[in-house]
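Note sheet for the following structure.
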Amino acid sequence: MTRLINLAQIGCFVLFSLAIISGCATSSAPSTDTSATDVVVKSPNDQRDYAHVTLDNGMRVLLISDPDADKSAAALVAFRGSFHDPEDRPGLAHFLEHMLFIGTEKYPEPDGYFAFVQKHGGGSNAYTAPDHTNYFFDIQPEYFVEGLDRFAQFFISPLLDKTYVDREKNAVHSEYQMQIKEDGWRGFMVQKVAMNPEHPMSKFNIGTLDTLDGDAYSALITFFEGHYSANQMGAVILHNEPIATLKPWVTELLGQVPNRDLPNLDLTTPLTAPGQLPATLRHQTLKSDRSVSFSFPIPAIDPYYQTKPTGYIGSLIGHEGQGSLHQLLTQKGWITGLGAGSENIDQANAIFDISVQLTEAGMDQVPAITDLVFDYINLLRAEKAQAWLYREEATVATLGFRFREQIPSIAAVQSLAPNLMKFPAKDLLVAPYLLENFDAELIDNYLSYLRPDNVLVTVAGPEVEGDKTERWFDVAYSLDNGIERRDAESGALTLPAPNPFLPEDLTLIESASNAPEALPDTGPMAFYLAADTEFGVPRAMLHVSLRRPDGLISVADSVRARLYRNLVEDDLNALSYPALLAGVSYGISTPDRGFRISLGGYQDKQSELLQVVLDRLT
């Protein structure tokens, strides 16, 4: 439901991966125990139909039927990526990603696939991640059958035409050259110097003309035949046909992908070697951004996707409400942002990362910030895991899944395909939202890894000077044993209070019309209501205009209004952050005649948030 409210003539106004992927931007394998169709849990708000099937060749396939889709789409994930590059051929998996789409036995024209997809309103892309390679495309539905056939042939009988080796080597090298000047890539690459040299995470993974020099073609064929197999692949197919129609022909087509019966390649090498931590890495950035991050190696988290112990920890460390680490560091003028979370690396390892964006003043306070970070972690240990906080997060996650919005076809298949590596059929859609079985002991166990002797502190900024240079990206850096801490006052740090903005009334209000209507008998204020009759979710947009009759009469008035708005928004951050977590957000703008407050999200607690904003604004 959309609510438009205009308060006229009120009077004078007052007013944070580690695992970066290699992509070609144009714009542990699961068991295979059945070929029957499996049920997939979906959101009550999701109008698409889903079915999962494991083909006779071992490939897992998620079928999606959407009669209203304006584009059909498909994605296929090979459960191999840059982690599987040969020691002497960094970037080979990425190079194969490029070479694969150059003709097939059935469709030999080198660029015929891309021409066909583009001619019929679609697009195609791919990326190489550490543990998988994801290929995907979309197209107008009436051309999908041929489009999917052309796409599937790359995995059935690719030509891997040697004629185009030099062209694609240069394409890979061009990507490398573009990424050299990006601070995100530079920071990712230089962190590798602090990792276990026996772990593939420490290796260069993009590829260059040098790493692909010589007879890279023979290595390419060996890699393809040794790593690409149907039993180590998953596919997601979205089309406007019913599942019963879609399943037979998709099964027949993708069933032709050869099954080389390859084993799972489970990585268990530790991410860091004994004696490497604690350590401090300092490196130079090209832009003026400054940051400090705290990276902790932890055990793999994917096995606990239903419980998400590190999600609980990250939400508290990254909280921005009253008594939070973010609020304290912001009030000191040291930071502009803070985030925390974890990323699974392989079957044995994950990384928990606390990422802090620094002010110029904060760059000189890293030892004090480090001390406060560990003070907050110690607070979490002392307070123990709280079941009520976990329930709050579970409530938000459940609502997010229940009322999740439909995303475009190509985004759906691209994002779901990697899930086929990790989750059983029933959880392919719901896995990111699951927060079940509160386990205080498991949370405490993961907290035990967030220690000063198990951390890599990375400081980045334009003023940093290094005594070494990273090989591939020419990044100046220094790497020293130990970390530096300086005592800082942390008495204001607390756990979050109960969230008053969690929605309780999710009732939908029936309306026969979505045209805006003026509400009667509203006194000196004008109210307009426009109801949504299409989406069926308990969300609303609320707009409140506070106007002075003569408007902002000068440029100086306008500047003062914007400055005041910025101050109010800074002041409101800690108060409004719980609302944001609960799915309600706000914004303040400064049109010509006053202020405009806009709220969006679940409608139940919008009036409470509006009152908080008005109290600060007026």
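Quick note: the coordinates plus some simple rules give every number you see, no bench work behind them. As the structure is a prediction and not an experimental result, all values here were calculated from the model. Don't worry about glycine lacking a Cβ; one is built from the backbone with ideal geometry, like all the others, and counts go over all protein chains shown.
What to note about this one:
- Cα lying deepest toward the dipole's positive end in the chain, options Ala492, Ile377, Ala440, charges on Cβ: Ala492
- Cα-based equivalent ellipsoid, the range 22-254: semi-axes from gyration tensor eigenvalues, Å: 32, 20, 18
- Helix-only mean residue ellipticity at 222 nm for the chain, each DSSP H run of n ≥ 4 adding -39500 (n - 2.57), per residue, nearest 500: -9000 deg cm²/dmol
- Arg486-Ser585 FRET efficiency (beta carbon distance; Förster radius 51 Å; 0.05 resolution): 0.90
- For Lys384, the lysines whose Cα comes closer than 27 Å to its Cα, not counting residues fewer than 8 places off in the same chain, are Lys308.
- Charged side chains reduced to their Cβ positions (Lys and Arg at +1, Asp and Glu at -1) give the range 22-254 a dipole of some 300 debye around its Cα centre.
- Proximal lysines relative to Lys247, as straight alpha-carbon distance under 29 Å, when same-chain residues fewer than 8 apart are discounted: Lys42, Lys71, Lys106, Lys119, Lys422, Lys426
- Selection among Leu160, Val193, Thr211 by position relative to the dipole of the range 22-254 gives Val193 as farthest towards the positive end (Cβ unit charges, Cα centre).
- Once semi-axes √(5λ) of the Cα gyration tensor in Å is calculated for the structure shown, the corresponding label among (1) 52, 36, 21; (2) 43, 34, 24; (3) 81, 42, 19 turns out to be (2).
- Assigned charges on the beta-carbon of Lys, Arg, Asp, Glu; the chain dipole about Cα centre (debye): 900
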